[in-house]
Each structure stands twice: as structure tokens, then as C-alpha cells.
Amino acid sequence: MSNGRSINEVVELRERVARLEAALGASDARLRALTESLPFDFWIIDRDGRYAVVNSAFRRTWGDSVGKTPDESAPTPKLRALWVENNRRAFAGETVHDEVTIELAGEPRHYLNILTPIVEGGVQLGILGINIDITDRRRLAEQTERAQRMESVGVLAGGIAHDFNNHLMTIMGNIALARRDVATTSRAALLLLEADKACLHARGLTQQLLTFARGGQPVRQTTPLGDLVRASARLAVRGANCKCELQVQDDLWPADADAGQLEQVVQNLVLNASQSMPEGGTVRVSAENFVVRAGSSVELPAGRYVKIEVGDDGIGIADDALARIFEPYFTTKDKGRGLGLSVVYSIVRKHDGAVFARSQLGAGTTMHVYLPATEAPARASSYSLMVAATRSYGHVLVLDDEPPIRVVTARMLKELGYHAATASTVDEAAMLYERALATDDPFSAVILDLTIPGGPGGLECLQILRRIDPRVRAIVASGYSSDPVMSDPRRHGFLGVLAKPFSLDDLEGVLAAILPPSEPEDVRPGAA
């Protein structure tokens, strides 16, 4: 009986051991499943300093190191020194927590590295470690930091550009007036023409700064694209050691677009293409009408578009880099800033278009831009030769806080055959408008500066004038293209828009668009 109980006890003990082993096996399987499912490197180093456990994420990056020491398994001398030092600190009882940058396959990767001692009953049994790849998070943080810096720069740039545009407006206006007073074949006329071109280029640079720094919305108008593409492409290759081949369809459809911003698109693409051929080559620029049909491979709504292509025979772009070329600050050039293509992408998207690239290493790159075409007739191109002005007649009120702007705008209006009155404040403008209406000599149109420092601006002025005269014809003017009033003036009650600095042609065109034809009666062109 006693022996029987002993046998039963032994059997029961064996069963308990078996159950315990099974539980331990299941627990070990669960632990392994858990470590294998971790999306980051996980490992355990035993008290002898050798890898006892490594998960699949660790093996994919560093190989199967079980049984090896960190000194034996490190892929580079620099990494070996780092691992040995971190393990020394951890075996000394310290929890190691730092960020490290490691070069893998020619690309820097950033990791959050944590090592902690495994202690039981006061005895250190080994080290537990994890390694989390934070490269994408680090890049996002860097981009956010850059964006915040750019936002601060943008505020500063916006103010500087606004003031610069005001000065440029005065210069451009007076040059345009002077050109009309000299013979077109004289030396003075040629010099003034060169000065005018330089002002137009300066205006484009200012707009490019504003577009990137402040995300300026396009100031749209019906724009012929043929001359714009030709002039912008030729300008971009000036001084480069490559030539430009142009193929522009003669009856190219116009677009409802911001001409200044589209100049940036073409110039940036051509410049990018020329820089990809440091030894010289040919940049091919084409523009043609294109119809996107339902089910097309081009991811755009069906309709009419203008397709612009810029191609080169440069070094090409690798597939992994091609997916990132429109990211701010990403560049494949040693001296590039990574801004040009991000500006292109921003502008094209804001014009409801699309842009993408096709490239092959060693065979060059072609950029494809699609811009929605418009049915509206295009106004005369600003790139064509100046034609004789068609004079109109009437009274125009100008509101602007800058005296030089008021003076030059009044001179330009006089040159076009209008009487002009000027005001520096909203109250003064309202008084002049109401007085003119009461004397039966109303203003035909008003040009209102959108921003008046220290007081109400053009939008508030229009609301007051509409209470005085619901039929007021108003044009908004500003050097801030990012303001929603500039991108959609009719929604805010304006019939036209003038982006500073505007030219004599711009002024003439917008007035002709909003005013009905009129007879001179007793008003002489240029009368005071």
C-alpha cells in the first residue's frame, strides 16, 4: 500500500512535470510569436555576451547572429565599436537610450536604440535590446521644422515683396509712359525696352518667391500659352551650355491661368533639364492641344487640356528617387536645393492640372504637364509687340496708400484717355465717389488697393461704395497674390484684378474688359 502510494505519487509528479513542460513550451511559443511579430529589431544577449534570441526584423537587417557576440556580427568597424560600447554600458547596469545614424546600402538610416539589463534576484542575466527605425519620422520632423522656418521666412518675404512690387510698379509705369514719348527706333527706345524686360523678369522672380514662401493662389485670366512657353524656355537656357528645341502647336488653346506662375513652371522645368546635362545637350520643349477621354491613363477629368513636355538626354533618375522628386528639399543634385520641382507641382495642382515624370537611367527624363484649356478668347499676348492703344474715356478713382503708386497710376490712366482721381484712405475714396455721383459726373470704375496699412482696405471700401452706388465697377489691386480676393475677385464683388506691379497693357486690358464702349463727347484724350 505504501509502495502503491509512492508509485502514484511518482506518476502524478511526472504528469505535473509534463504539464509544466507543455505550459513552458506554449509560453515559449507565445513569446517567440510575440517577438517575431514586432515591427522592429528585438534581441536578447545572455550573460556571456552572446546573442541568445533575435527576431525576424533583426535577421532581415543584420543576419542571424544567435551564438555570436556583437563584436563578431557587426557589419562595419564603426558599427562594431558602437555596439561593443553600448553593451559595455548595459552590462555595467546602465539603460542605454540614444538615437544613432547608420549607413546602410549607401543610405543613412536613423534608429532609436534602447538596451536595458535583465536582472533577477539581484543577478544580471543578460541584456534586452530593441532598435526602432525612425528614418521616416526623422525626415517628417525635419520637413516640419523646415516648413516652420519657411513660414517665418514667408511672412518676411511677403512684406519685402509687397514693398518691392510697389517700387517696381512705379518704375514699370514710368518706363511704359516714357517709351510712348520716344521714337520706336531711337536708342532711348531700345534702352527703355531693355529696362522694361528687366522689370518683367524681376516681377517674375518676386512672384516665384511669393509662390513658394506663401503658397500664392493663382491670379487667373485667359492666357495664350504659345508665346509664354517659347519666351520662358528661351530665357531659362540663356547662359547655359545647352540648346533648346521648341515645338509649339500654332493654334494652341488658351488656359485660365496665372501667366507669371506658368512662366515659373516652364523655366524651372527647362532649368532642371539643362542642369541634368552638365556636359551640354539639347532641351526639347513641346506644347500641344490634348483631349483627355474617359478611362484615359492620365488621371484627370475628361476634357480639353494643353500638354507641355520638357525632355532631356541627361543622366536620368532612379526609380526610388523618381517617386520623391516633387518633395520639398529632395534633390538628386550635389548643389541642388530641392525647391524647383516642388514649386512646379504646387502651381500645376492649383491650376487643376497634373504633372509627372518619366525617366530612365542613362537615357534622360521627360516632364509632362497638363493644364485645363478654356473656351474663352485669349487676350493679346504680353510677349507680342505693343500695338496702338484703343483709347477709352471716363473717370477712374484710384485708392492706394503709396503716393508714387497713385501718381504713376494716374499718369497711366491719363495716357489711356481717362480722367483720374486718387485717394489715400477709404474715407477719402468714399467722399470723392459720393461727390462725383451727386454732381452727375460719376466714376466709370474704381481701382482699390486691397491692403491699406493701419486701416480698412479695398474690400471694405467696396462694401461702402456699393451702399452708395450698387452699380460700382471695381477692380482690386495688390502685390499679395496669395489673398483669396485676388484669386477669385468676382466672388468678392470685384469685376477685375490687377496684380502689382501691373503694366500699361494690363491696366488697359482690365478697363476695356469691365467698361462698355463709350464715345469721347467733349472729353479729349489725355485731357487733364
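Name, by its number, the condition in (1) outside any loop (DSSP other than H, G, I, E, B); (2) at pLDDT below 85 that does not hold for residue 466.
Here residue 466 clears every test but (2).
Condition first: part of a loop (DSSP other than H, G, I, E, B), hydrophobic (A, V, I, L, M, F, W, C), under 44 Å from the mean Cα position of the chain (by Cα) and surrounded by 15 or more Cβ atoms within 10 Å (Cβ to Cβ). Can you find one or more residues in region 58-74 that meet it?
Among the residues of region 58-74, at least one is part of a loop (DSSP other than H, G, I, E, B), hydrophobic (A, V, I, L, M, F, W, C), under 44 Å from the mean Cα position of the chain (by Cα) and surrounded by 15 or more Cβ atoms within 10 Å (Cβ to Cβ), which makes the answer yes.
This table checks each residue for (1) under 27 Å from residue 174 (Cβ atoms); (2) of a type in the set (Asp, Glu); (3) in contact with a strand residue (DSSP E or B) (Cβ under 6 Å, 6 or more places away or on another chain); (4) buried (at least 18 other Cβ atoms within 10 Å of the Cβ).
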position	(1), (2), (3), (4)
435	no, no, no, no
449	yes, yes, yes, yes
473	yes, no, yes, yes
478	yes, no, no, yes
498	yes, no, yes, yes
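Within region 356-365, restricting attention to residues that are in contact with a strand residue (DSSP E or B) (Cβ under 8 Å, 6 or more places away or on another chain) and free of Cβ contacts under 8 Å to residues at least 60 places away in the same chain, which residue is surrounded by the most Cβ atoms within 10 Å (Cβ to Cβ)?
359
Scan region 291-306 for residues that are surrounded by fewer than 20 Cβ atoms within 10 Å (Cβ to Cβ) and outside any loop (DSSP other than H, G, I, E, B) and jot them down.
291, 292, 303, 304
Filter region 408-428 down to residues that are without any contact (Cβ under 8 Å) to a residue 60 or more places away in the chain and in a helix (DSSP H, G or I) and give me whichever is nearest to residue 457 (Cα to Cα).
Across region 408-428, the extreme among qualifying residues is 426.
At pLDDT 75 or above, out of contact with any strand residue (DSSP E or B) (no Cβ under 6 Å at 6 or more places or on another chain) and closer than 30 Å to residue 372 by Cβ - does that describe any residue in region 188-198?
yes
Out of everything in region 179-204 that is more than 15 Å from residue 502 (Cα to Cα) and of a type in the set (Lys, Arg), what residue ends up being surrounded by the most Cβ atoms within 10 Å (Cβ to Cβ)?
179
Out of curiosity, is residue 260 part of a helix (DSSP H, G or I) and at pLDDT below 80?
The answer is yes for residue 260.
Scan region 226-257 for residues that are modelled with pLDDT under 85 and under 30 Å from residue 498 (Cα atoms) and jot them down.
235, 236, 237, 238 - these are the residues of region 226-257 that are modelled with pLDDT under 85 and under 30 Å from residue 498 (Cα atoms).
Going by the conditions given, is residue 143 within 30 Å of residue 38 (Cα to Cα), at pLDDT below 85, assigned to a helix (DSSP H, G or I) and under 16 Å from the mean Cα position of the chain (by Cα)?
It is true that residue 143 is within 30 Å of residue 38 (Cα to Cα), at pLDDT below 85, assigned to a helix (DSSP H, G or I) and under 16 Å from the mean Cα position of the chain (by Cα).
Among (1) in a strand (DSSP E or B); (2) modelled with pLDDT of 85 or more, which single condition is residue 168 missing?
(1)
Considering only region 429-458, how many residues are in a helix (DSSP H, G or I) and either free of Cβ contacts under 8 Å to residues at least 24 places away in the same chain or aliphatic (A, V, I, L, M) (or both)?
8
Output the residues belonging to region 273-292 that are at pLDDT 85 or above and of a type outside the set (A, V, I, L, M).
Passing the criteria: 274, 281, 282, 284, 286, 288, 289, 290.
The values are calculated or read from the model by the stated rules, or taken from the named source; none is laboratory data. What you are looking at is a predicted structure, and each value in this text was computed from that prediction instead of being measured. Cβ atoms come from the backbone with ideal geometry, glycine included; neighbour counts cover every protein chain shown.
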